[in-house]
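Step one of this worksheet: look at the structure below.
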Amino acid sequence: MRQILIILLALSMFGLRHHHGQASDWGCEVLLCAASNSPSWHGVESCHPPMERLIAAMKRPGFSWPTCPEGGAGKPGYERYADCPTGWQPAIGDQTDSHGRSKELSRCSRTIRICSGRTPWRFDSDRQKTERDGVTREYSGRNGCEYREYVDRQLRAQPYYLDINSAQDGTTERHYFDLRH
């Protein structure tokens, strides 16, 4: 990260922000600003023009993300949801579309096993659901020693990311950012 901040400082000192005519310059500005995290691009005054230009350009048809070939990063990715808590896995959301289930992994789930030597529960139906404290518990089968718990996944505050490859050691570092004004 220190390397990115040094590059950002050097570019602002040498006036790269004044060369908006070349797409790769703009792409490099966007890359450096998006990778800034302490402070984020919102707190770097020289980042406002290229990022606001990006936000405006994204609204137009035929938008293509500006790239910076020499920066070691391609187009950004987008992850709407935060990671699930430890012990939970991403799960498909509740029934939300006309075809049955949403394809989006908008919930987290885990299996709870509770019958260690005890008699399993007996249900009158094949499936029961209970909800409490934002957790949905789904019991399946008439005899149950386990059930699944589901919680909604949190939305990321910074859903966009860039994977930046380091030419020095071959590692890749992921930088999350947002595109809010």
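The values are calculated or read from the model by the stated rules, or taken from the named source; none is laboratory data. Just so we're clear, the structure is a prediction, and the values are computed from it rather than from any experiment. Because the Cβ atoms are built from the backbone with ideal geometry, glycine has one as well, and the counts that use them run over all protein chains shown.
Computed values, structure above
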{"read-out": "Subset tally (residues that are in contact with a Ser or Thr (Cβ under 6 Å, 6 or more places away or on another chain) and buried (at least 18 other Cβ atoms within 10 Å of the Cβ)) for segment 24-45", "value": "1"}
{"read-out": "Of the criteria (1) touching a strand residue (DSSP E or B) at 6+ places or on another chain (Cβ under 6 Å); (2) within 13 Å of Tyr161 (Cβ to Cβ), which one Cys84 fails", "value": "(2)"}
{"read-out": "Restricting segment 160-181 to residues that are among the hydrophobic types (A, V, I, L, M, F, W, C) and part of a strand (DSSP E or B), the residue that is modelled with the lowest pLDDT", "value": "Ile164"}
{"read-out": "Top-ranked residue of segment 73-123 - restricted to ones that are at pLDDT below 90 and basic (Lys, Arg), ranked as farthest from Gly170 (Cα to Cα)", "value": "Arg122"}
